[in-house]
Amino acid sequence: MSTTRGKKDSEMLRHTARARGFRSDGAAILMQFLKNGPMKDLAALLENTPDLGKVTTLSDSIADMLSGLSRYQAHPYHTATPASRCLWRKGSSRLLAYEGSGPPVLVVPSMINRASIMDLTPALSRMRWLARNGFRPYLFDWGVPGPAETWFEIGDYLEKRLQPAFEAILRESGGPVHLIGYCMGGPIALALGTRQSADIGKIVTLGTPWDFSYFPEHARFRDNQKALEASLMTMGGLFGAIPPLVTHSFFAMRNLESGAQKFQRFAHIDPASAEARRFIAVEDWLNNGVPVPMPVARECFSGWLVDNGLMTGEWGIKGLPLDLSALTSPMMVVVGQRDSVVPPASALPLAEAISHARLLEPPKGHIGIILAPDADGPVWHPVRDFLMETDP
């Protein structure tokens, strides 16, 4: 990469930091990778008689990663999620309604990222896709926890937020209501399904973890469970909730190189292209995470990840275990073959635990299940057809 381009990108980066605020999460993760990987390798190469070819290749790679980060920071595109109607609201949570006709579908996203992944831009919106494809979709937005939710457990969110929102759908649209649960929204959607079984149509889970023994952190966290819980308690006491960077880093640390390489690729993408806007929209979403109430984080990290409470049946709502046998609704379990957030081996046991569940294994990653440009065919057309099926 030329020196002129490098100087220009550096100036763009400085200007962006002043003008619109530095997106620190992604930058911190990239810098950690460079410090402990390529920069250390480059220093080792230069200590001895350097191989100029290797030095040039490694230097260009580092320069491209920094250039990609700079271009991302300085790009003028801003993600603008179009407005949608708020049907119900309480505390920090709300229920968004999308115009459409057909059976109602409630989408329950993860709690550790913003619900906007399902309605990112007019061109990147699964909610609007559902509305165009014969459904009346609703999106539950957990929101940024406020004072009322600071000490909420998942069960509190279910009983005090999700269930009342579900009842608002019944009042407006009637039933049955289909459920789609994404990531950790999947187990919560299943818990809702056991409580509202008479009003549930079909249930779809997307990239939902179940057997956490397949998470790469399982054994390490199990061996250090007391330290993990003490750390969560400390962060909860200091910040009132677990900061977004903690959960972002948890998944990013699995493969720092992959996270760095996406910026390296972005350095060579036409900044005026739809591909560039898609990249920025997704990165902005990743870098705009939400804090997690400490009790919820403790359930996820200790109860799910360490104790494997979903797989063993020990996790439940307010002391009542999640009884999968109570789920009589037709089900589809979608497991991305390339999912690096929820390993496929972790998600597959959910399909095995529900004898009547239909399994779909598209060649997609965790975000790709939702937003990949070619996700319609392998993911969403089968989901649509499944939800539209009538009983034989």
Report every pair of residues separated by at least 6 positions or lying on different chains whose Cβ atoms are under 6 Å apart, first residue within the stretch 172-197 and farther than 17 Å from V334 by Cα, second assigned to a helix (DSSP H, G or I) and small (G, A, S). T194/A326
Count - residues of the stretch 349-388 that are over 30 Å from I280 (Cβ atoms), free of Cβ contacts under 8 Å to residues at least 24 places away in the same chain and not hydroxyl-bearing (S, T, Y): 3
W142: passes all of (1) surrounded by 24 or more Cβ atoms within 10 Å (Cβ to Cβ); (2) modelled with pLDDT under 95 but (2)
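Each row is one residue, and each column tells you yes or no for (1) without any contact (Cβ under 8 Å) to a residue 40 or more places away in the chain; (2) among the aromatic types (F, W, Y); (3) touching a helix residue (DSSP H, G or I) at 6+ places or on another chain (Cβ under 6 Å); (4) in a loop (DSSP other than H, G, I, E, B).
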{"residue": "Y77", "(1), (2), (3), (4)": "no, yes, yes, yes"}
{"residue": "P82", "(1), (2), (3), (4)": "no, no, no, yes"}
{"residue": "L87", "(1), (2), (3), (4)": "no, no, yes, no"}
{"residue": "L96", "(1), (2), (3), (4)": "no, no, no, no"}
{"residue": "S101", "(1), (2), (3), (4)": "yes, no, no, yes"}
{"residue": "P122", "(1), (2), (3), (4)": "no, no, no, yes"}
{"residue": "M127", "(1), (2), (3), (4)": "no, no, yes, no"}
I want to confirm something. Restricting to the stretch 18-34 and keeping residues that are more than 14 Å from G259 (Cα to Cα) and of a type in the set (D, E, K, R), which single residue is modelled with the lowest pLDDT? R18
Go through the stretch 333-353 residue by residue and tally those that are under 18 Å from G185 (Cβ atoms) and either among the basic types (K, R) or surrounded by 20 or more Cβ atoms within 10 Å (Cβ to Cβ) (or both). 10
Can you tell me how many residues in the stretch 185-201 are assigned to a helix (DSSP H, G or I), at pLDDT below 95 and farther than 24 Å from V342 by Cα? 3
Considering only residues that are farther than 23 Å from V282 by Cβ and at pLDDT below 95, which ones fall in the stretch 93-113? E99, G100, S101, G102
Those helices (runs of 4 or more DSSP H) completely within the stretch 314-392 that have 1 or more residues that are touching a Lys or Arg at 6+ places or on another chain (Cβ under 9 Å) and under 20 Å from S110 (Cβ atoms) are 344-353, 368-371
Of the numbered conditions (1) in the same structural domain as R136 (by TED's automatic domain parsing); (2) over 23 Å from the mean Cα position of the chain (by Cα), T234 fails exactly one; give the number of that condition. (1)
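The values are calculated or read from the model by the stated rules, or taken from the named source; none is laboratory data. None of the values given here were measured: they were computed from a predicted structure. Cβ: placed from backbone, ideal geometry, glycine included. Neighbour counts: every protein chain shown.
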